[in-house]
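**Q** My questions all concern the structure below.
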Amino acid sequence: MPARYLPFGDAALVVELGDTINLEINRKVVAFNDAILKAEIHGVEELVPTYRSLLVRYDPLKTSYEQLVFRVKDLEATLEVSDVKVVGRKVTVPVVYGGEYGPDLGQVAKCHGLTEEQVVRLHSEREYRVYMLGFVAGFPYLGEVADQIATPRLETPRLKVPAGSVGIAEKQTGIYPCEAPGGWQIIGRTTIKLFDPLQQPPTPLSSGDTVKFKPILEAEYKTLLGK
Amino acid sequence: MRLFSVIKPGLFTTVQDLGRYGYLRFGVPISGAMDQFSLVAANVLVGNKPDDACLETTIVGPELQALGETQVAVTGANCSPRINGEDVPMWRTLQLQKDDTVSFGMMPTGCRAYLSIRGGVNTPLVLGSRSTYVRGGFGGLEGRRLRGDDVIEGFDVLPMDTGYSMPKQLVPQFSDHVKVRAVLGPQAEMFTGRGVDVFFSGLFRVSADADRMGYRLEGLRVELEGKADIVSDALLPGAVQIPKDGKPIIIMRDAQTTGGYPKIAVAIAADLSVLGQLKPRCSVTFFKVTLREAQERAREFFKLLKDLSSMLLRDR
């Protein structure tokens, strides 16, 4: 599917690569992102890669929508399949599953006729792609989990989900960087700090990176937390 | 350098500059002044850079005591500012002596006023900005609104040798009903013709659910053609989302950076400051403009912000 170019107000352009959660689409988004960065197009202020589209924020004093679309379409023609296959960094995320750290693990298991151990194995054996960051600062949307553990959101969202909580929503999994309200099924918790505004960049993850969860014991979690 | 002690914090007063740009892809909202025009005006009236940090105060202003001689300006919503209990004008340089108190009245129209301080409010730069993002807990004063025991720090700068005022024709008039120009949004095609017509002609009222993140509006239902959800993509201030209930949500400066509702329209950059002054029970009507016109207005608006300091009237 060729890219669709859509104006987003008078200071941004959306390059839409699809309308589903899909690995190929997201790869194209990241490839477009990298190509536009590399081309250093005059007037481009920042890029926001998401599941299925790339937002290009520009300065209307320096360029116009038409000029920008013209430049980006040029890049589209030269985007190579190899660019689309570029892989990001790999980050291992230690997680203590279940118990007080993962209050919904039992429910997720029950929902699919699995044991808690099976859910943990299914969740931690895969590598997940970071599709995008959003919701709250540093929250990574990861995908996709095995069909056997894909679970709808809670009927009533929690007012407070603790920082570090690892959750499942349908085929997505994600990590809460800070305490926030949320409806994801919480199955565990990590000690990794996912957002620190005093660091540059403020989060260790970017769209296109790979995350692998590593089950740890509560004792290890406490040791890591103490560090 | 200690410039003010906070006697009363006001309802919701935060440190804001023009915003935090370049971190949307990490989920960090732009934040910054809801009424960018008034922030820039406040700054240039005390000889600051247009993007220096000011105090943004909401509906009920704070009470502050000067800890030394300084100059300030008050812009934005009409808030009847007073120095030592005496009414003083807005939109001009005001001279303060040590121990002077600054206080504010109600805001009959508009929602947010700005207090600039000569040299700018000094808080640590966080990701390149001093803007407070309360939900994320960073920027400004420890990522929170002002408290009763706070001290406002500034920079050690020379006072200006003269004052300035804003020409009358440049002072915005605030109203309880505003007209906002908008272009069709990236998902406008997901709405019925009737839905788009209702959106661009109807009167929408700002509900009680209105803050720096966004405003939920009440009014005629904006009808979607089919499903109400999309796979999430990026949001920017000014975007208007329509969830399943057909009630528009205007995205403002502290909103989350991605969202899964279709965006029917995006308010033009030149009218975002007008939107930033809406409070609950105000009403808004959207007018459709072409992208070409929106870009023309954007260029005029950003040029005005850039040239504002040269358009001020010098005190005699």
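**Q** Hey, if you put +1 on the Cβ of every Lys and Arg and -1 on every Asp and Glu Cβ in the range A:1-114, which of A:Ala12, A:Leu68, A:Phe32 ends up farthest toward the positive end of that dipole?
**A** Going by the charge dipole, the pick is A:Phe32.
**Q** How big is D for chain B, in µm² s⁻¹ as a whole number, if Stokes-Einstein is applied with the Kirkwood radius of its Cα pairs at 10 °C and 1.306 mPa s?
**A** This corresponds to a translational diffusion coefficient of 79 µm²/s.
**Q** Of B:Val183, B:Val28, A:Val69, how do they rank once you tally other Cβ atoms within 10 Å and put the fewest first?
**A** A:Val69, B:Val183, B:Val28
**Q** Additional query: I want to verify a result. In a Gaussian network model of chain B, Cα cutoff 10 Å, which of these has the top mean-square fluctuation: B:Leu304, B:Leu94, B:Leu275?
**A** Result: B:Leu304 has the largest fluctuation of those listed.
**Q** Same structure, new question: Please give the per residue volume of the convex hull enclosing the alpha carbon atoms of the range B:1-77, rounded to a whole number of Å³.
**A** 113
**Q** Hey, another quick one. How many angstrom lie between the C-alpha centres of the range B:53-110 and the range B:9-47?
**A** Between the Cα centre of the range B:53-110 and that of the range B:9-47, the gap is 18 Å.
**Q** Now a separate question. Evaluate 2.2 N^0.38 Å with N set to the residue count of the range B:177-304, then give the Cα radius of gyration divided by it.
**A** 0.97
**Q** I'd like the distance between the alpha-carbon centres of the range B:193-257 and the range A:11-64, rounded to an integer number of Å.
**A** For the range B:193-257 versus the range A:11-64, the Cα centre distance is 23 Å.
**Q** Another question, if that's okay. Which log10 I(q)/I(0) values, to two decimals, does the range A:4-84 give at q = 0.11, 0.20, 0.27 Å⁻¹ under the Debye formula with one point per Cα?
**A** -0.25, -0.82, -1.44
**Q** Considering only A:Leu75, A:Leu47, A:Leu17, give the residue with the highest GNM mean-square fluctuation for chain A, with springs between Cα atoms whenever their separation is below 10 Å.
**A** Sorting by GNM fluctuation, first place goes to A:Leu75.
**Q** Nearest 20 debye, what's the magnitude of the dipole of chain B about its Cα centre given +1 on Lys and Arg Cβ and -1 on Asp and Glu Cβ?
**A** 540
**Q** Would you mind working out the magnitude of the charge dipole of the protein assembly as shown relative to its Cα centre, with +1 at each Lys and Arg C-beta and -1 at each Asp and Glu C-beta, to the nearest 20 Debye?
**A** That gives a dipole near 200 debye.
**Q** How fast does the protein assembly as shown diffuse by Stokes-Einstein, in µm²/s, taking the Kirkwood radius from C-alpha pairs at 20 °C and 1.002 mPa s?
**A** Approximately 87 µm²/s, per Stokes-Einstein.
**Q** Say the dipole of chain B comes from +1 at the beta carbon of Lys and Arg and -1 at that of Asp and Glu; which of B:Val274, B:Gly259, B:Met213 then lies farthest toward its positive end?
**A** Of the listed residues, the answer is B:Gly259.
**Q** Evaluate Rg over Rh across the range B:2-172, taking Cα atoms for both radii and Kirkwood's formula for Rh.
**A** Taking Rh as the inverse mean 1/r over Cα pairs, Rg/Rh reads 0.94.
**Q** A follow-up question, please. Would you mind ranking B:Arg144, A:Arg27 so that the residue whose beta carbon has the fewest other beta carbons within 10 Å leads the list?
**A** So the ranking, lowest neighbour count to highest, is B:Arg144, A:Arg27.
**Q** How high is the relative contact order of the range A:59-195? Use alpha-carbon pairs under 8 Å, at least six apart in sequence, and give a whole percent.
**A** 24
**Q** Pick from A:Gly43, A:Gly88, A:Gly102: which residue has the top mean-square fluctuation in a GNM of chain A where Cα pairs under 10 Å get a spring?
**A** Between A:Gly43, A:Gly88, A:Gly102, it is A:Gly43 that shows the largest mean-square fluctuation.
**Q** Sorted from largest to smallest, which semi-axis lengths in Å does the alpha carbon gyration tensor of the range A:74-219 give for its equivalent ellipsoid, taking the root of 5 times each eigenvalue?
**A** Taking √(5λ) for each eigenvalue gives 27, 18, 14 Å, largest first.
**Q** Kindly provide the Kirkwood hydrodynamic radius of the range A:83-136 in Å, to one decimal, from all pairs of distinct alpha carbon atoms.
**A** 13.5
**Q** Next up: Over chain B, what is the relative contact order in percent, taking alpha-carbon pairs closer than 8 angstrom and at least six residues apart?
**A** After rounding, I find 21 percent.
Computed from the coordinates by the stated procedures, all read-outs in this text should not be read as laboratory data. Since this is a predicted model, take the numbers as computed values, not measurements. Glycine gets a Cβ as well: all are built from the backbone with ideal geometry, and neighbour counts include every protein chain shown.
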